[in-house]
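A.B. asks: Below: one structure in structure tokens.
Read the figures in this text as sums done on the coordinates, not as results from a lab. Note that the coordinates shown come from a computational prediction; the quantities given were computed from them, not determined experimentally. Cβ placement follows ideal geometry from the backbone for every residue including glycine, while neighbour counts extend to all protein chains displayed.
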Ligand code: GLU
């Protein structure tokens, strides 16, 4: 598939407002800005707020504040994923029409109980396929009883449709050194495309929006490198372009654990309160 090399470079920083930004986010935002400048492109800000329980308006405000404090600016309007559920629904519908989605009524507990010995690249059990061949009447019965439902991708069928897929990775400094990589989506099993109570998932929304915003280059942490397999697959199935990817290093805390909002890693806000300046952050991160 075309990698958009003929269109002006557009990058994005796409945080989820479910906590305060920390140094890892600052690094990701700064490397995005750095690469955008280097290749004569622009970068966009996208708020990935599909998780209505964890996303909070105060965290959205904090994202704007922290990024501005870092000296970053971005074009308006900012895209909010929470305003685009209908669009994700249509994309899911496209996959459904291709016969690639099936309803799954399993709870986490059931999945764990039936799990085989296989784990996905994130270490979670690969979905054992319990609901893959549910008879139609059983599906209708569960739906009528309002049993919580999520929709999974039939990975076997999907992969059979696409054949072998590749994507390009490149390094911002020194620029380029492009490398062709094989996507290996099958190792993820039947991933969730529409979550319980949400007409989408991270994988679906990110792919739809990267295309919508004509993103040509994606800068994201190495922790999302393997998930890119799924994104490349969805791009192919939905007829969307595949951007060039850069997977940047992760900023680790003292215990060499990945920084994470949920673990309460030191936020940019609290660093600021203890006297860090934007320049301290930039220097600390090597910019
Ligand atoms: N929203 C994702 C996060 O905050 C990152 C999105 C991406 O780079 O694909 O982890």
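A.B. asks: At 7 Å along Cα-to-Cβ for each site, give me the label-to-label distance between residue 196 and residue 54 in nm.
C.D. replies: 1.6 nm
A.B. asks: Given a Förster radius of 51 Å and the C-beta distance between residue 212 and residue 138 as r, what FRET efficiency does 1/(1 + (r/R0)^6) yield to the nearest 0.05?
C.D. replies: The calculated FRET efficiency here is 0.90.
A.B. asks: Is region 49-132 rounded, prolate or oblate when judged by the Cα gyration tensor, a ≥ b ≥ c being the square roots of its eigenvalues, rounded requiring a/c under 1.5 and prolate requiring a/b larger than b/c?
C.D. replies: It is prolate, given that a/c is not under 1.5 and a/b is the larger ratio.
A.B. asks: So, one more: Roughly speaking, what is the stretch gain from residue 85 to residue 282, that is 0.36 nm per residue apart minus the C-alpha to C-alpha distance, in nm to one decimal?
C.D. replies: The span from residue 85 to residue 282 would gain 67.3 nm if fully extended.
A.B. asks: Tell me, what is the FRET efficiency for residue 145 and residue 109 to the nearest 0.05, using R0 = 22 angstrom and their Cβ-Cβ distance as r?
C.D. replies: 0.75
A.B. asks: Classify region 52-206 from the C-alpha gyration tensor, please: rounded if a/c falls under 1.5, else prolate or oblate depending on whether a/b exceeds b/c.
C.D. replies: Note, shape of region 52-206 comes out oblate.
A.B. asks: Using only Cα atoms, what Kirkwood radius does region 1-114 have, in angstroms? Mind showing how you got there, number by number?
C.D. replies: Working: mean 1/r = 0.0594 Å⁻¹.
Averaging 1/r across every pair of different Cα atoms and inverting gives 16.8 Å.
A.B. asks: For residue 64 and residue 186, compute 0.36 nm times the residue count separating them, minus their Cα-Cα distance, and round to one decimal in nm.
C.D. replies: Details: separation 122, 0.36 × 122 = 43.92 nm, distance 3.73 nm.
Going from the current span to full extension adds 40.2 nm.
A.B. asks: I'm a student and want to see the number: the projected area of the Cα convex hull of the chain, averaged over all directions, in nm².
C.D. replies: Mean projected area for the chain: 16.1 nm², to one decimal.
A.B. asks: Next question, about the same structure. Expressed as a fraction of 2.2 N^0.38 Å, the rule-of-thumb size for a compact globular protein of N residues, what is the C-alpha radius of gyration of region 149-235?
C.D. replies: Dividing the Cα radius of gyration by 2.2 N^0.38 Å gives 1.16.
A.B. asks: Could you tell me how many degrees, from 0 to 90 and to the nearest 10, lie between the Cα long axis of helix 85-97 and the main elongation axis, the longest principal axis, of the Cα atoms of the chain?
C.D. replies: So the helix axis and the longest Cα principal axis differ by about 40 degrees.
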